[in-house]
Amino acid sequence: MSSAIQTKDSSTEESLPNSSRVYVEGQQAGVRVPFREITQTPTRNFDGALIENPPVRVYDTSGPWGDPSVNCDVTEGLPALRREWILARADVEEYEGREQKPIDDGYLTVDAANRS
């Protein structure tokens with residue numbers, strides 16, 4: 001049975017009503033998988049009785065931006081959470097990347113990049 005940790009997410013209360021972010025612990029230590037737990041309204045049966053519906057969990061694809069405990073800055077990039085796991089596999093090689101060029105952002109020249 002998976003354990004879930006529920007967090008209150010005030011930033012998405014209005015845009016995602018009746019839901020909260022929950023984490024399910026993964027098999028590897030330190031891995032938490034985010035889900036949205038959505039509450040459902042009861043269903044009225046043919047005889048008029050109300051039947052409670054359990055909450056539904058869906059995978060939360062919002063990444064760290066959906067986590068109220070994470071302060072994200074798009075200019076800083078994301079923390080390298082998986083770096084140590086990847087290096088521990090010993091099937092990758094690190095290298096120094098090349099210098100960024102205007103074409104990387106869709107511009108053909110430096111002048112075009114400066115005009116935007």
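Where a number appears in this text, it was derived from the coordinates with a stated rule and is not lab data. Everything numeric here is computed off the predicted structure, so don't read it as measured data. Cβ placement follows ideal geometry from the backbone for every residue including glycine, while neighbour counts extend to all protein chains displayed.
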The local net charge around P34, scoring Lys/Arg +1 and Asp/Glu -1 for residues other than P34 whose Cβ lies under 9 Å from its Cβ, equals +1
Placing one equal point scatterer on each C-alpha of the chain and summing with Debye, one gets log10 I(q)/I(0) at q = 0.12, 0.15, 0.24 Å⁻¹ equal to -0.73, -0.92, -1.32
Taking 0.36 nm per residue of separation between Q40 and D111 and subtracting their Cα-Cα distance, the length gained on full extension comes to 20.1 nm
The answer for the longest stretch of the chain without any exposed chymotrypsin sites (Phe, Trp or Tyr not before Pro) (DSSP loop, at most 14 further Cβ atoms within 10 Å) is 47-94
Counting only backbone N atoms under 14 Å from a point 7 Å out along Cα-to-Cβ of A29, the residues of region 79-116 in range are 85
